[in-house]
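Below is one structure; the comments refer to it alone.
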């Protein structure tokens, strides 16, 4: 995180020394773009805050630990699709679930949909891509995530 | 206009609910407020950098450069470039959409744009290393080797399909 700030700051400084006007223009563009999308971000945050309340870590663990592997894969991809969780929360959680005996393919479905499919980020996505293309992208991402889960299951010997 | 009124009413209701929850000591409301604030902080850490870089990109990078390397004539190296770019930029999907839009405006072709969005979701380098440390290298490798080719293939199909239909990306409405 701090690296990102350091690098951005450095680039900004270099840009400023090379051309003051252009840099000011760049910052204006940044503000304009940020302002334009920020209401959608607030909407998304409201959605996330409610969904995470309804689905705390404990509930997610219970769902992913259900008796049938295939039911778990579907539940995992569903939960992964509707929640938003940064990697620094999702992977430790998955690591713990792994030690509790949750199959790799279930965790794969969970983490991959978490990364690729975004129901809560959909409001933002549709602002840039349009509704139709955003829907197509999310559905194809879900199918890719399920393929990844199945391949993971095969290679780890959890299916056969 | 009407849409804005509904949006403001909705946000005010939400804020009112949180405030009342705090006054009455209603726990679910407090938890939701906590979730909201922690995610707000998380996003405020990422977004300013991302948008400043987007601004600088818009001013400094010439359209010809993007057209040449990521445009219609770019070929397979364009995909390699854009995956490399996606892998090194933090922030995931949220940041990927505005960046993808800037790339598009500078002349990158659609299949490359969709590859960029997909790759930003699945192969950021810091996240991948973090994942491997919790889940094992085998798990991470399977995920990458299966998903990345599928992302590229679907992006090419989607890109070609939309190009034929004269699809345009528009920012906001």
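The values are calculated or read from the model by the stated rules, or taken from the named source; none is laboratory data. All values reported here derive from a predicted model rather than from experimental measurement. Cβ placement follows ideal geometry from the backbone for every residue including glycine, while neighbour counts extend to all protein chains displayed.
Tell me, please, whether a residue that is over 15 Å from residue A:115 (Cβ atoms) and surrounded by fewer than 18 Cβ atoms within 10 Å (Cβ to Cβ) can be found in the range B:123-130.
No, there is no match, as no residue in the range B:123-130 is over 15 Å from residue A:115 (Cβ atoms) and surrounded by fewer than 18 Cβ atoms within 10 Å (Cβ to Cβ).
Do any helices (runs of 4 or more DSSP H) lying entirely in the range A:1-96 carry at least 3 residues that are in contact (Cβ under 8 Å) with a residue 60 or more places away in the chain and within 30 Å of residue B:9 (Cβ to Cβ), and which ones are they? Steps first, answer last, please.
On the way: elements: A:2-18, A:20-54, A:57-64, A:69-82.
Of the helices (runs of 4 or more DSSP H) lying wholly inside the range A:1-96, those with at least 3 residues that are in contact (Cβ under 8 Å) with a residue 60 or more places away in the chain and within 30 Å of residue B:9 (Cβ to Cβ) span A:20-54.
Here are some conditions: (1) within 9 Å of another protein chain (Cβ to nearest Cβ); (2) within 21 Å of residue B:66 (Cβ to Cβ); (3) assigned to a helix (DSSP H, G or I); (4) touching a residue at least 40 places away in the same chain (Cβ under 8 Å). Residue B:118 meets all but one. Which one does it not meet?
Evaluating residue B:118 over (1) within 9 Å of another protein chain (Cβ to nearest Cβ); (2) within 21 Å of residue B:66 (Cβ to Cβ); (3) assigned to a helix (DSSP H, G or I); (4) touching a residue at least 40 places away in the same chain (Cβ under 8 Å) leaves (4) as the failure.
Sort through A:41, A:34 and tell me the only one that's modelled with pLDDT of 90 or more, facing chain B (nearest Cβ under 9 Å) and either touching a strand residue (DSSP E or B) at 6+ places or on another chain (Cβ under 9 Å) or surrounded by 17 or more Cβ atoms within 10 Å (Cβ to Cβ) (or both).
Criteria check complete, one pass: A:34.
Kindly indicate whether residue A:82 is over 21 Å from residue B:86 (Cα atoms), surrounded by fewer than 22 Cβ atoms within 10 Å (Cβ to Cβ) and within 11 Å of the chain's Cα centre (by Cα).
yes
What are the residues in the range A:97-112 that are surrounded by fewer than 24 Cβ atoms within 10 Å (Cβ to Cβ) and either without any contact (Cβ under 8 Å) to a residue 24 or more places away in the chain or at negative phi (or both), if any?
We begin by selecting, within the range A:97-112, every residue surrounded by fewer than 24 Cβ atoms within 10 Å (Cβ to Cβ); these are A:97-104.
The answer is A:97, A:98, A:99, A:100, A:102, A:103, A:104.
Give the residues of the range B:149-173 that are farther than 30 Å from residue A:34 by Cα and either touching a residue at least 60 places away in the same chain (Cβ under 8 Å) or within 7 Å of chain A (Cβ to nearest Cβ) (or both), sorted by residue number.
B:150
Looking at the range A:46-54, is at least one residue more than 7 Å from chain B (Cβ to nearest Cβ), over 20 Å from residue A:126 (Cβ atoms) and either crowded, with 18+ Cβ neighbours inside 10 Å or out of contact with any helix residue (DSSP H, G or I) (no Cβ under 6 Å at 6 or more places or on another chain) (or both)?
Looking through the range A:46-54, at least one residue is more than 7 Å from chain B (Cβ to nearest Cβ), over 20 Å from residue A:126 (Cβ atoms) and either crowded, with 18+ Cβ neighbours inside 10 Å or out of contact with any helix residue (DSSP H, G or I) (no Cβ under 6 Å at 6 or more places or on another chain) (or both).
Quick one: residue A:115 ticks every box in (1) more than 15 Å from the chain's Cα centre (by Cα); (2) crowded, with 20+ Cβ neighbours inside 10 Å; (3) over 18 Å from residue A:40 (Cα atoms) bar one, so which box is it?
(1)
If you go through the range A:108-130 one residue at a time, how many are in a helix (DSSP H, G or I), more than 7 Å from every other protein chain (Cβ to nearest Cβ) and more than 24 Å from residue A:69 (Cα to Cα)?
3
Restricting to the range A:55-69, give me the number of residues that are surrounded by 13 or more Cβ atoms within 10 Å (Cβ to Cβ) and over 17 Å from the mean Cα position of the chain (by Cα). Before the answer, list the steps.
Step one: filter the range A:55-69 for residues surrounded by 13 or more Cβ atoms within 10 Å (Cβ to Cβ), giving A:55, A:57, A:60-61, A:63-66, A:69.
Within this subset, residues satisfying the condition of being over 17 Å from the mean Cα position of the chain (by Cα) are A:61, A:63-66, A:69.
Qualifying residue count for the region: 6.
Looking at the range B:73-94, which of the residues that are at pLDDT 90 or above and closer than 23 Å to residue A:7 by Cβ is nearest to the chain's Cα centre (by Cα)?
B:86
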